[in-house]
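Please read the structure below before turning to the comments.
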Amino acid sequence: MADATWTEGALSRLRESSGRSGSARRAVVDLLGRQGCCLSAQEIHERLRATGPRVGIASVYRALEGLDGLGLVQRVDLGDGSARFEPALPGGDHHHHLVCDDCGKVEPFEDPTLEAAIERVADGRGYAVAAHDVVLRGACEDCRPNRQDEVVAPA
């Protein structure tokens with residue numbers, strides 16, 4: 001989950017870059033700052049409508065475009081054709097995603113061993129990795145009983 005530091009920093013950077021500080025931008029930034037994982041523009045719009053602030057979908061897209069342009073959000077592609085966004089935290093703290101192909105559930109995860117392996121692979125090939133995304137697709141615990149007839153190849 002992002003924190004108040006990210007929220008205030010993002011709002012400050014948006015004001016500096018555009019000279020404006022609209023309520024729609026604040027609502028989008030506040031919502032993103034409270035989330036534990038990525039959301040699409042449509043999901044942000046629906047959550048804002050459910051909690052009260054009257055923010056149009058075009059305003060959500062403009063706010064996300066401004067945040068993305070300033071490097072304040074990370075754009076996440078989960079392979080379903082819809083971009084999702086989450087705060088780009090200072091210091092590079094981040095997580096990866098598990099995606100259920102059946103119900104669409106998205107869960108964040110962190111794994112220090114995976115991070116070390118990514119660094120080892122990059123270093124071994126002479127790369128300086130600026131960013132990376134890991135998306136694991138499959139069936140969540142709730143949907144797996146529906147897939148009992150599938151044969152899983154041994155690893």
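Any residue in the range 119-131 that is at pLDDT 90 or above and touching an Asp or Glu at 6+ places or on another chain (Cβ under 8 Å)? Even if it seems obvious, please write down each step before you answer.
Filtering the range 119-131 for residues at pLDDT 90 or above gives 119-128.
Now drop any that are not touching an Asp or Glu at 6+ places or on another chain (Cβ under 8 Å), which leaves none.
Scanning the range 119-131, I find no residue that is at pLDDT 90 or above and touching an Asp or Glu at 6+ places or on another chain (Cβ under 8 Å), so the answer is no.
When you scan the range 80-90, do you find a residue that is under 25 Å from residue 5 (Cα atoms) and open to solvent by 70 Å² or more (accessible area, probe 1.4 Å), even just one? Explain how you work it out, then say what you get.
So in the range 80-90, the residues under 25 Å from residue 5 (Cα atoms) come out as 83-90.
Within this subset, residues satisfying the condition of being open to solvent by 70 Å² or more (accessible area, probe 1.4 Å) are 90.
Scanning the range 80-90 turns up at least one residue that is under 25 Å from residue 5 (Cα atoms) and open to solvent by 70 Å² or more (accessible area, probe 1.4 Å).
Taking the range 1-43 as the search range and keeping residues that are acidic (Asp, Glu) and over 23 Å from residue 104 (Cα atoms), which one is modelled with the lowest pLDDT?
Step one: filter the range 1-43 for residues acidic (Asp, Glu), giving 3, 8, 16, 30, 43.
Right, trim to over 23 Å from residue 104 (Cα atoms) and you get 3, 8, 16, 30.
Details: 3: 67, 8: 90, 16: 89, 30: 93.
For the range 1-43, the residue satisfying everything is 3.
Only one residue in 91, 66 is over 13 Å from the mean Cα position of the chain (by Cα) and modelled with pLDDT of 90 or more, so which one is that? Don't jump to the end; show me each part of the working.
Working: 91 fails: modelled with pLDDT of 90 or more.
None of the others qualify; the one that does is 66.
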**Fill in**
Screening 103, 140 for residues that are more than 30 Å from residue 4 (Cα to Cα), among the hydrophobic types (A, V, I, L, M, F, W, C) and surrounded by 13 or more Cβ atoms within 10 Å (Cβ to Cβ) leaves only 140
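The values are calculated or read from the model by the stated rules, or taken from the named source; none is laboratory data. Note that the structure is predicted; figures quoted are calculated from it, not measured. Virtual Cβ from ideal backbone geometry, glycine too; neighbours counted across all protein chains shown. Remember, those area values only see protein heavy atoms, side chains included, never the ligands or the DNA or RNA. Shrake-Rupley method; radii C 1.70, N 1.55, O 1.52, S 1.80 Å.
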